[in-house]
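Some notes on the structure that comes next.
The values are calculated or read from the model by the stated rules, or taken from the named source; none is laboratory data. Just so we're clear, the structure is a prediction, and the values are computed from it rather than from any experiment. Reconstructed Cβ throughout: ideal geometry from the backbone, glycine too, with neighbour counts over all protein chains shown. The area values use the complete protein model at the heavy-atom level, side chains included, leaving out ligands, DNA and RNA. Shrake-Rupley method; radii C 1.70, N 1.55, O 1.52, S 1.80 Å.
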Amino acid sequence: MVEVKIKTRPIGATAAVGRFGHPRVTSDTGGEVGIVTGAAEPGFNPLDLMFSSLAGCLVLSGRIAASKLGLLDRLSEVRAHVTGDKAQEGPSRIMHFRISLAVDGDLSIHEKAQISHMAEEICTVSNTLKALPTFSVAAN
């Protein structure tokens, strides 16, 4: 019997902002990203980060799906573009995600569709957004 070793990774992030300047977000693994606040500023705002998380999760899940389906050797690339529509009335939120998932490689249309469908099933971020998670906020 083959022993499967699973390496766990810390998850989470901390954001901080002072009286002036832009917020910084640091992941529990030490990654860091700046947050922009102006509409014309290049960079990531909080919604961009949410869309990026979903896009990143979908492409990684697409590669996992291709591997599970035995198609990884014919996969060239998986690309995802994610945007959304904000609610017209409160509370402020995204009401509809629009996702374009492209699968490239020496694959049939059916195989590309299989990878796309499985990617959405595997993706932790899309599964979380669809499930309406609960929140616990503690003031320190």
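Values computed for the structure shown
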{"item": "Looking only at region 97-121, and only at residues there that are under 12 Å from the mean Cα position of the chain (by Cα) and not in a strand (DSSP E or B), the one that is nearest to GLY84 (Cα to Cα)", "result": "GLU120"}
{"item": "Filter result for SER126 (open to solvent by 50 Å² or more (accessible area, probe 1.4 Å), closer than 22 Å to GLY12 by Cβ, small (Gly, Ala, Ser) and not in a loop (DSSP other than H, G, I, E, B))", "result": "no"}
{"item": "Conditions (1) within 18 Å of the chain's Cα centre (by Cα); (2) farther than 21 Å from ALA13 by Cα: number failed by ASP28", "result": "(2)"}
{"item": "Matching residues in region 43-73 - criterion: being more than 17 Å from the chain's Cα centre (by Cα) and open to solvent by 30 Å² or more (accessible area, probe 1.4 Å)", "result": "SER67, LYS68, LEU69, GLY70, LEU72, ASP73"}
{"item": "Single residue of region 104-123 satisfying the filter (of a type in the set (S, T, N, Q) and open to solvent by less than 60 Å² (accessible area, probe 1.4 Å)) that is farthest from ALA16 (Cα to Cα)", "result": "SER108"}
{"item": "Failed condition for SER100, given (1) without any contact (Cβ under 8 Å) to a residue 24 or more places away in the chain; (2) under 18 Å from LEU58 (Cα atoms); (3) open to solvent by 100 Å² or more (accessible area, probe 1.4 Å)", "result": "(3)"}
{"item": "Selection from region 1-17 of residues that are open to solvent by 50 Å² or more (accessible area, probe 1.4 Å) and not charged (D, E, K, R)", "result": "MET1, VAL2, VAL4, ILE6, THR8, PRO10, ILE11, ALA13, THR14, ALA15, ALA16, VAL17"}
